[in-house]
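Engineer: Take a look at the following structure, please.
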Amino acid sequence: MRTLQWIAVTALLATLLLGSRAAWAAPDPTGVVTGVALDVPAAVPGHPTLEELAMELGHHRAAINLTWAIVAAALVMFMQAGFAMVETGLTRAKNAVHTMAMNLAVYGVGMMAFWAVGFGLQMGGVGALGTFMGPPLLDREISLVLLGHTFGVFGGKGFFLTGDAVDVGVLAMFVFQMVFMDTAATIPTGALAERWRFSAFLVFSALVAGVVYPIYANWVWGGGWLGTLGKEMHLGHGVVDFAGSSVVHLTGGVLAFVTCRKIGPRLGRFDARGRARPIAAHNVPMAIIGTIILAFGWFGFNAGSTLAGTDLRLAVVAANTMLASGAAMVTAMLFTWRVTGKPDPTFMANGMLAGLVAITAPCAFVTPGSAVLIGAVAGVVVIVAILAMERRLKIDDPVGACAVHGVSGALGTLSVGLFADGRYGDGLNGVPGPVVGLFAGGGAGQLAAQAIGVATNVIWVGGAGLAAFWLTGKLVGGHRVSREVELDGLDGDEMGLHAYPSEEPHGSKGELRG
């Protein structure tokens, strides 16, 4: 015991002696103190200057933030597997390969379009990437000046990741933003499943990734006019969307809605009187596993949007994300149970996803209690929206993407203007002070900005999506497979192979099941 005590005392004395080396050094003759301690001269070998310490600290901070951004991006990328499983599970076995293939192909096709054009349009004028340090390399925003106010329209730098874009901060931002774009571009693949020609899907996805998505993303995240509504028009902090309720999910939901309307329902989905006929999902367990994968990846989606592992607010974001998803699943389950008499697991899954979508914009700005409320409301609203679109609008959306991403995305975007509690966001979009919603005494300015963001998304994405859909049809000769192919299943004709041996051609032509 005495030996251990002497070892401890010796270690303590050594530490104190080493820590007090500065007291023995000769004073700086210039009288300028630049060492670690007030009495440590800069010229003493082995003692870094304040400037050197600041550079080293900044390097470590940037490294932590870069690492966090890449890890978060990897989590978001893994969500592609979740989308593939949800969509494939909720459709029929005879189309399983085709649905999976769309989810695989959109990643590569969208990436190439985003690398060539989309990233530059979105982020080419964003300015300095603060969390990654370095100069403002992406500094060319194409803007309009109207009535003395400057409104950014799109970026003009970073195309093909050449020139100044060959920088670790810019490349990290590209990786992170690419997987967000991919999420938006993936959403229509579920809504148009089981009747969309593969060639048409490829062209349409490239147009979405290269033009449609990046323009709106620039307006909110890239220095564009929606983000500067606070600075230019005194509407709160401008449109605030922490992780993409509007930029990603509302965009994907609007694209899904307008294209669903154009391509029409699957054969047999509605009878002659317009009443919906159920088309059973072929693998509900697959869809449930996909939902859990999406919920897992969403921690990267939301918490990763701090773009800084050094921003401790990411713990608030993660907790709010988890709470909203759970609350939404519970309310969707209870509501469905009440209405149909059964706790439909597919509606439970859509409820959970709706909660995740709805919390994505406000996740950094609200309390855990507000997150539970937002999720609980989203869980009910999404079921009502799915049923209304099916029964009233005759929208055939096999996976509920229009409601889950579109309706819940709008709800989440507006929630910032209602529930932001004033504890975060100081200086966001160039506006001093934190983000404060209506219910926290912030007035209606922030809510007005959020509403403008939602309306603009519907107008731009809806219009541009329809234009892209029209152009694609002209280029490839139409979007929809033939009646015979749809009845037999898209796997054989479009992809040349089947997911299950039982789905190989066996005289099923004319049958609506599969």
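Engineer: Points 7 angstrom from Cα along the Cβ direction at residue 500 and residue 342: gap in nanometres?
Structural biologist: 1.7 nm
Engineer: Compare the Cα positions of 148, 439, 348 along the charge dipole of the chain (+1 at Cβ of Lys, Arg; -1 at Cβ of Asp, Glu; about the Cα centre) and return the one farthest towards the positive end.
Structural biologist: The listed residue farthest towards the positive side: 348.
Engineer: Using per-residue counts of other Cβ atoms within 10 Å, averaged over each peptide, order 444-456, 146-158, 318-330, 406-418 from highest down. Working shown, then result.
Structural biologist: Working: 444-456: 20.6, 146-158: 16.8, 318-330: 23.5, 406-418: 28.3.
Highest-to-lowest ranking by the protection proxy: 406-418, 318-330, 444-456, 146-158.
Engineer: A further question follows. Check the straight Cα-Cα distances from residue 231 and name the lysines below 29 Å, setting aside those fewer than 8 residues away within the same chain.
Structural biologist: 157
Engineer: What ranking do 112, 173, 100 get, fewest neighbouring Cβ atoms within 10 angstrom at the top? Kindly include the intermediate steps, with their values, before the conclusion.
Structural biologist: Working: 112 13, 173 26, 100 19.
Result, fewest neighbours first: 112, 100, 173.
Engineer: Just want the ordering: 311, 491, from fewest to most Cβ atoms lying within 10 Å of their own Cβ. The partial results should precede the final answer.
Structural biologist: Values: 311 18, 491 27.
The most exposed by this proxy come first: 311, 491.
Engineer: Collect residues whose amide H, placed 1.01 Å from N in the peptide plane, falls under 5 Å from the amide H of residue 142; neighbours closer than 5 in sequence don't count.
Structural biologist: 153, 154, 155, 156
Engineer: With helices defined as uninterrupted DSSP H runs, which ones in the chain have an alpha carbon span along their own long axis of at least 20 Å and mean Kyte-Doolittle hydropathy of at least -1.0?
Structural biologist: Working: long enough: 2-19 (26 Å, 1.42); 50-89 (58 Å, 0.86); 96-113 (26 Å, 1.21); 168-191 (37 Å, 1.45); 284-303 (29 Å, 1.69); 314-340 (39 Å, 1.35); 345-360 (23 Å, 1.31); 368-391 (35 Å, 1.90); 445-476 (45 Å, 1.14).
Those that pass (Cα extent of 20 Å or more, hydropathy at least -1.0) are 2-19, 50-89, 96-113, 168-191, 284-303, 314-340, 345-360, 368-391, 445-476.
Engineer: Once you keep just the Cα pairs under 8 angstrom separated by 6 or more residues, what percentage relative contact order results for the chain? The partial results should precede the final answer.
Structural biologist: Working: 1044 pairs, mean separation 97.7, N = 514.
Computed value for the chain: 19 percent relative contact order.
Engineer: So for 92, 275, fewest C-beta neighbours within 10 Å to most, what's the order? Numbers along the way, then the final one.
Structural biologist: Details: 92 24, 275 9.
Ascending number of Cβ neighbours within 10 Å: 275, 92.
Engineer: Between residue 67 and residue 315, what length in nm is gained on full extension when 0.36 nm per residue of separation is reduced by their alpha carbon distance? Before the final figure, lay out the partial values.
Structural biologist: Working: separation 248, 0.36 × 248 = 89.28 nm, distance 1.67 nm.
Full extension of this stretch gives 87.6 nm more.
Engineer: Answer rounded, prolate or oblate for the chain, using the Cα gyration tensor with square roots of eigenvalues a ≥ b ≥ c: rounded when a/c is under 1.5, else prolate when a/b is larger than b/c, else oblate.
Structural biologist: It is prolate, given that a/c is not under 1.5 and a/b is the larger ratio.
Engineer: Still on this structure: Once you sort the root eigenvalues of the Cα gyration tensor of the range 49-207 as a ≥ b ≥ c, which label holds: rounded (a/c under 1.5), prolate (a/b larger than b/c) or oblate (the other case)?
Structural biologist: Working: a/c = 3.08, a/b = 1.67, b/c = 1.84.
The shape class here is oblate.
Engineer: Under the Karplus relation 6.51 cos²θ - 1.76 cosθ + 1.60, θ = phi - 60°, what is the ordered set of whole-Hz ³J(HN,Hα) values for the range 116-124, x standing for Gly and Pro?
Structural biologist: 6, 10, x, 4, x, 4, 7, 10, x
Engineer: So, one more: Which value, in debye to the nearest 20, gives the size of the charge dipole of the chain about its Cα centre, when Lys and Arg are +1 and Asp and Glu are -1 at the Cβ? Before the final figure, lay out each step's value.
Structural biologist: Values: 29 positive and 31 negative charges, 330 e Å.
Approximately 1580 debye in magnitude.
Just so you know, all these numbers are worked out from the coordinates, no wet-lab data involved. Keep in mind that this is a model prediction, so the values were computed, not measured. Because the Cβ atoms are built from the backbone with ideal geometry, glycine has one as well, and the counts that use them run over all protein chains shown.
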